[in-house]
Structure formats: structure tokens, C-alpha cells
Amino acid sequence: MSGLENILSIIDSQQKENEKKIMDHAENKVREIMSEAEDKADKAYKEYIQRATLKNEHDYNTACSSIDSAMKRKILDYKVKRINEAIEKAYQKLHNLPDTEYFQLIEKLAKRDLRKGDGVISMCSNVNQPILLTASFSHTETFLRIIVFVLYLKPKKKL
């Protein structure tokens, strides 16, 4: 081999070594960039999943709360309806009682919660006015419990 061929061979081998180093360095840089991109993508994905999970939990809790409130309103509406029906039924029952039974019932209800002591219960039986039960007791009565009823009755008969 001549000197020139030898020099060309050395230059060629050095060039191949430099090309290999450049390619290796480029491949390492590509792997590094890909690794960083994968890390960033994983981080972004985890953050997205975390935010989505929190939003889903919040939406679920809001929906449950809304359903709970609606259910409570329905239950309350039902109870109010039942109470109104019971009041109307009691009113009709009272309205249909003969006068003597009606006043005996009112007296019994008033006496049920009275305690010992001096006092007067008065009733007004004018059918054009409300029937008002009132009570007046002496100052020595300390534990007085009385229910004051104001009942409006429709006249049963024309006067």
C-alpha cells in the first residue's frame, strides 16, 4: 500500500469513527428527548386524571345532594298533605258533632292539660262568632298549661 492509500485509509477510518460518535450522540440525545417527553406526557396524564377524578367526585356529590334534597321535599310534601287531610277530617268530624257532644269534647280537651289551682274557663257559644276558650287563673298557679283553641264553626242551622 502506498503512503497515499494509507493516509486515505486513516482519514476514512477516522471519518467513520467521527460519524459513529455523532450518530451515537444523536441517538442518545433522541433517547433523552423521548424520555423527557414520556415523563411530561405521564405527568400531564396523571394531572388530567386527578382533575377529572376530583370533578367527577364533585359532580357525584352534587347529584347525590340534589337527589337527597328532592327526596326530602317529596317526603315533606307527603307529610304536609297527610297532616292537612287529618286536620280536614278532624274539622269535619267536629263540625258534624251534635252541639252537646262538641262542647263536651272541647271541655275534655281543655281539662286534659290543666293543673291544680284556682281558675275559670269560659266559652262563648254564639255561632256567629268564633268559639274562644280562655282561662284566667290566680297568681299562685305556677305550672299552668292550657291550650287555647279558636275554632270557627259554620252555623248548623239558620237562626
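The values are calculated or read from the model by the stated rules, or taken from the named source; none is laboratory data. Just so it is clear, the structure is predicted and the values come from calculations on it, not from any experiment. Glycine also receives a Cβ, built like all others from the backbone with ideal geometry; neighbour counts cover every protein chain displayed.
Residue-wise test of (1) free of Cβ contacts under 8 Å to residues at least 60 places away in the same chain; (2) under 30 Å from LEU105 (Cβ atoms); (3) among the acidic types (Asp, Glu).
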{"position": "ILE49", "(1), (2), (3)": "yes, no, no"}
{"position": "ASP59", "(1), (2), (3)": "yes, no, yes"}
{"position": "LEU76", "(1), (2), (3)": "yes, no, no"}
{"position": "LYS79", "(1), (2), (3)": "yes, yes, no"}
{"position": "ILE87", "(1), (2), (3)": "yes, yes, no"}
{"position": "TYR91", "(1), (2), (3)": "yes, yes, no"}
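Of the residues in region 146-156, not one is in contact with a Lys or Arg (Cβ under 6 Å, 6 or more places away or on another chain) and at pLDDT below 60.
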